[in-house]
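The values are calculated or read from the model by the stated rules, or taken from the named source; none is laboratory data. Predicted model only: the values in this text are computed from it and were never measured. We place every Cβ from the backbone using ideal geometry, glycine too, and count neighbours over all the protein chains shown. All accessible areas refer to the heavy atoms of the entire protein, side chains included, with ligands and DNA or RNA removed. Shrake-Rupley method; radii C 1.70, N 1.55, O 1.52, S 1.80 Å.
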There are 2 protein chains.
Amino acid sequence: MTVPNSGKTAVVALGGNAITVPGQEDTIANQFANTRKSLDGIIDLVRDGYNLVITHGNGPQVGNKLLRIESARGRAPILPLGVLVADTEGGMGYMIEQSLHNRLKEEKIDRPVVTIITQMLVNKDDPAIDNPTKYVGQFYDEEEATTFTETRGWKMKKDSNRGWRRVVPSPKPICAIEAKTINQLVNSGTIVIAAGGGGIPVFENENGLLDGIDAVIDKDYASAVLGAEIGAELLCILTSVDKVSLNFGKENQQDLDECTSSQMREYLEAGHFPYGSMGPKVSAALKFIEAGGKVVTISNLADAQKAMAGEAGTRIVAG
Amino acid sequence: MTVPNSGKTAVVALGGNAITVPGQEDTIANQFANTRKSLDGIIDLVRDGYNLVITHGNGPQVGNKLLRIESARGRAPILPLGVLVADTEGGMGYMIEQSLHNRLKEEKIDRPVVTIITQMLVNKDDPAIDNPTKYVGQFYDEEEATTFTETRGWKMKKDSNRGWRRVVPSPKPICAIEAKTINQLVNSGTIVIAAGGGGIPVFENENGLLDGIDAVIDKDYASAVLGAEIGAELLCILTSVDKVSLNFGKENQQDLDECTSSQMREYLEAGHFPYGSMGPKVSAALKFIEAGGKVVTISNLADAQKAMAGEAGTRIVAG
């Protein structure tokens, strides 16, 4: 079956829980099974004739890679964060691509699926670079933390009461280096998996050449930037909460069903969505709409289909 | 500068030594530096107006990943070989892509470069699957080897006098699942990095769905198959030997400058190129020409430019 191409493009951002489910044993068999389950909403968009980009998180996968690297330190080379992100774009892209290829085949839908390794350009003068905030890797005690700051140049920060962890910057992405190719493929009906883990952070040096930087990019924000670049009108952020809420966790908590972008901007500026909870997702949603997108849904992964139909999650519309 | 598109397509297969140089300390900085050096021949092909696919090996990188996985066994999930190949397609693709992007910028040539994660279809009844021959991972002693056969289902084989290693099959690739997209991009002038490490081996199950298999694919043979699929006329195999030779290592060794494919087929069948030396490269070259390709060069990486001009290496021509 050839599904008509409506010319509309959607970006679906799969949260970390689409692939690695907290509390479940983290095996590749489980990761494949979870990935297959996460595709229901995506298939609905395909049936509706959307062109599609799929992005995904990579937190647990990069954490595991860092643990393996430390376990083999001195016997196998140390890989910088950018190469680890690129690795997960390959390995997780493969899992999502093969799972979706099979599902499309079962549904008798003829659409190619490919994975494009994606570099995201950041500004080397982004103030976030001097203010690392994202925890990566294992917990260490204070003595180890001090040693690693001296010997490895790591910035270390206390993470709750469990110990010290390395922190890296999370600069804002400006554009995807591969946007032109992604756009070309998406417009010809190919489903493209891109910007996995937020993309590989790169900056332009004084000669205009690209270079990697030890940082991580927020995957929802990267999805918003990439979506705007390719003229997408819909961004679906799939996560582990049901809705965006005001006064979250308080007596007067109010779940949002639908909201204009200008109203959401006011809520964000009033401090309703702290960093570490919904803040980055709401910022990403507003970025997407302010750059030309029309609708963002933020919903539980399990509600993906309903959210796209406006029956679950929170819907943010331009206005 | 926009280089005229001649409509001719070449596949360049970078050998393992293009990125990891034996004897040199294996750091990512060195891998990037080696990658940059390996691009001279590729830039010449771009100047000549060729459309380009670049493939690459991943032996040392997969070896390091297996070592890290074993070092963290019990604390981080075990990844199957197919996912490891996909990881290296991402990480090494990123390195090659960024290095080439920068080199093109320096040369003022305007051509996009992207990396496509590539699955290669194999036949699940390929006789190679029951006869594993490719060593992967570390050396173990005989007792460990016996244990791993029992507990992990690994097939183990003695590798020279250094100990026992795991062996996996190396089935013949039939086609690239992403060939249509690769062809579309290549024909529009995009330089595509694909089929890294020979591609991720997949087979079709009884329902026609794709599934991974614990195997590795010869990257030169994969390059030949992919090249034929996209109508390439030139395949450049870059390795660590100067030329293909008859009676290699003997008193009457004869280096080959140019040879027809039918003559080379006779040499191959006469046993001049054993498995483990030039055999697989010559087989890949003949596969490419017999499927419609015109010319294959096999040369030292350092001689890439000369080989393409017919001044170094061995040139195999259809005939």
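In the list B:Asn30, B:Asn34, which residue meets the criterion of being more than 8 Å from every other protein chain (Cβ to nearest Cβ) and surrounded by fewer than 17 Cβ atoms within 10 Å (Cβ to Cβ)?
On the way: B:Asn34 fails: surrounded by fewer than 17 Cβ atoms within 10 Å (Cβ to Cβ).
On inspection, the qualifying residue turns out to be B:Asn30.
May I ask you to verify whether A:Gly292 is within 20 Å of A:Ala10 (Cβ to Cβ), part of a loop (DSSP other than H, G, I, E, B) and within 20 Å of the chain's Cα centre (by Cα)?
The answer is yes for A:Gly292.
Can you name every residue in segment A:117-133 that is assigned to a loop (DSSP other than H, G, I, E, B) and over 18 Å from the mean Cα position of the chain (by Cα)?
Within segment A:117-133, the subset assigned to a loop (DSSP other than H, G, I, E, B) is A:117-118, A:123-126, A:131-133.
A:Asn123, A:Lys124, A:Asp125, A:Asp126, A:Asn131, A:Pro132, listed by residue number.
Could you tell me whether A:Asn161 is more than 14 Å from every other protein chain (Cβ to nearest Cβ), more than 30 Å from A:Val46 (Cα to Cα) and in a loop (DSSP other than H, G, I, E, B)?
On the way: more than 14 Å from every other protein chain (Cβ to nearest Cβ): yes; more than 30 Å from A:Val46 (Cα to Cα): yes; in a loop (DSSP other than H, G, I, E, B): yes.
So A:Asn161 passes the test.
Among the residues of segment B:290-309, how many are open to solvent by less than 60 Å² (accessible area, probe 1.4 Å) and either under 20 Å from B:Gly227 (Cα atoms) or touching a Ser or Thr at 6+ places or on another chain (Cβ under 8 Å) (or both)?
Going residue by residue through segment B:290-309, those that are open to solvent by less than 60 Å² (accessible area, probe 1.4 Å) are B:291-293, B:295-301, B:303-304, B:307-308.
Going one step further and asking which of them are either under 20 Å from B:Gly227 (Cα atoms) or touching a Ser or Thr at 6+ places or on another chain (Cβ under 8 Å) (or both), we end up with B:291-293, B:295-301, B:304, B:307-308.
Qualifying residue count for the region: 13.
Only one of these is farther than 24 Å from B:Val62 by Cβ and assigned to a helix (DSSP H, G or I): B:Glu266, B:Glu251, B:Glu311. Name it.
Values: B:Glu251 fails: assigned to a helix (DSSP H, G or I); B:Glu311 fails: assigned to a helix (DSSP H, G or I).
The match here is B:Glu266.
Under 8 Å by Cβ, and 6 or more places apart or on different chains, what pairs join a residue from segment B:263-283 that is of a type in the set (S, T, N, Q) with one that is assigned to a helix (DSSP H, G or I)?
From residues that are of a type in the set (S, T, N, Q), the pairs are B:Ser283/B:Tyr221; B:Ser283/B:Leu268.
Go through segment B:164-206 and give me each residue that's within 8 Å of chain A (Cβ to nearest Cβ), open to solvent by 10 Å² or more (accessible area, probe 1.4 Å) and not small (Gly, Ala, Ser).
B:Ile177, B:Lys180, B:Gln184
Considering A:Gly227, A:Gly249, A:Gly208, which residue is in the same structural domain as A:Asn34 (by TED's automatic domain parsing) and under 22 Å from the mean Cα position of the chain (by Cα)?
The conditions single out A:Gly227.
With respect to A:Ala13, determine if the residue is open to solvent by less than 10 Å² (accessible area, probe 1.4 Å), over 15 Å from A:Leu104 (Cα atoms), in contact (Cβ under 8 Å) with a residue 24 or more places away in the chain and of a type in the set (A, V, I, L, M, F, W, C).
Yes, satisfied.
Would you mention how many residues in segment A:134-154 are away from chain B (no Cβ under 14 Å) and assigned to a strand (DSSP E or B)?
Residues that pass the stated criteria total 4.
Considering only segment B:269-289, how many residues are in a loop (DSSP other than H, G, I, E, B) and open to solvent by 30 Å² or more (accessible area, probe 1.4 Å)? Lay out the reasoning, then the answer.
Start the filter on segment B:269-289 by keeping residues that are in a loop (DSSP other than H, G, I, E, B), which leaves B:270-278.
Next cut, open to solvent by 30 Å² or more (accessible area, probe 1.4 Å) only: B:270-272, B:274-277.
Residues flagged as in a loop (DSSP other than H, G, I, E, B) and open to solvent by 30 Å² or more (accessible area, probe 1.4 Å) within segment B:269-289 amount to 7.
Starting from residues that are more than 7 Å from every other protein chain (Cβ to nearest Cβ) and of a type in the set (Gly, Ala, Ser), keep the ones in segment A:54-80 and report whichever is most open to solvent (accessible area, probe 1.4 Å). Before the answer, list the steps.
Narrowing segment A:54-80 to residues more than 7 Å from every other protein chain (Cβ to nearest Cβ): A:54-63, A:65-66, A:70, A:73-74, A:78.
Applying the additional criterion that residues be of a type in the set (Gly, Ala, Ser) yields A:57, A:59, A:63, A:74.
Numbers: A:Gly57: 12, A:Gly59: 51, A:Gly63: 27, A:Gly74: 80 Å².
Only one residue fits best here, namely A:Gly74.
Identify the single condition in (1) touching a residue at least 12 places away in the same chain (Cβ under 8 Å); (2) at positive phi that A:Ser160 does not satisfy, given that it satisfies every other one.
(1)
Whether any residue in segment A:61-73 is within 19 Å of the chain's Cα centre (by Cα) and farther than 19 Å from B:Leu84 by Cβ is what I want to check.
no
Is it true that some residue in segment A:39-46 is closer than 17 Å to B:Ala76 by Cβ and more than 8 Å from every other protein chain (Cβ to nearest Cβ)? Steps first, answer last, please.
Taking segment A:39-46 and keeping what is closer than 17 Å to B:Ala76 by Cβ, we get none.
No, there is no match, as no residue in segment A:39-46 is closer than 17 Å to B:Ala76 by Cβ and more than 8 Å from every other protein chain (Cβ to nearest Cβ).
From (1) in a strand (DSSP E or B); (2) not assigned by TED's automatic domain parsing to the domain that holds A:Tyr94, pick out the condition that doesn't hold for A:Val192.
(2)
Is one or more of the residues making up segment A:257-268 touching a helix residue (DSSP H, G or I) at 6+ places or on another chain (Cβ under 9 Å), within 30 Å of B:Lys108 (Cβ to Cβ) and open to solvent by 10 Å² or more (accessible area, probe 1.4 Å)?
No, segment A:257-268 contains no residue that is touching a helix residue (DSSP H, G or I) at 6+ places or on another chain (Cβ under 9 Å), within 30 Å of B:Lys108 (Cβ to Cβ) and open to solvent by 10 Å² or more (accessible area, probe 1.4 Å).
Within segment A:282-301, is even one residue at pLDDT 90 or above, among the charged types (D, E, K, R) and under 23 Å from A:Thr20 (Cα atoms)?
no
So B:Ile96 fits all but one of (1) within 8 Å of chain A (Cβ to nearest Cβ); (2) open to solvent by less than 10 Å² (accessible area, probe 1.4 Å); (3) assigned to a helix (DSSP H, G or I); what number is the exception?
(1)
Is there a residue in segment A:111-126 that is more than 14 Å from chain B (Cβ to nearest Cβ), open to solvent by 50 Å² or more (accessible area, probe 1.4 Å), in contact (Cβ under 8 Å) with a residue 12 or more places away in the chain and of a type outside the set (A, V, I, L, M, F, W, C)?
yes
From B:Asp26, B:Asp110, B:Asp44, grab the single residue that is acidic (Asp, Glu) and part of a helix (DSSP H, G or I).
Details: B:Asp26 fails: part of a helix (DSSP H, G or I); B:Asp110 fails: part of a helix (DSSP H, G or I).
Result: B:Asp44 is the single residue among B:Asp26, B:Asp110, B:Asp44 that is acidic (Asp, Glu) and part of a helix (DSSP H, G or I).
I'm told A:Thr115 meets every condition in (1) under 16 Å from A:Gly198 (Cα atoms); (2) out of contact with any strand residue (DSSP E or B) (no Cβ under 6 Å at 6 or more places or on another chain) except one. Can you identify the failing condition by its number?
All conditions are met except number (2).
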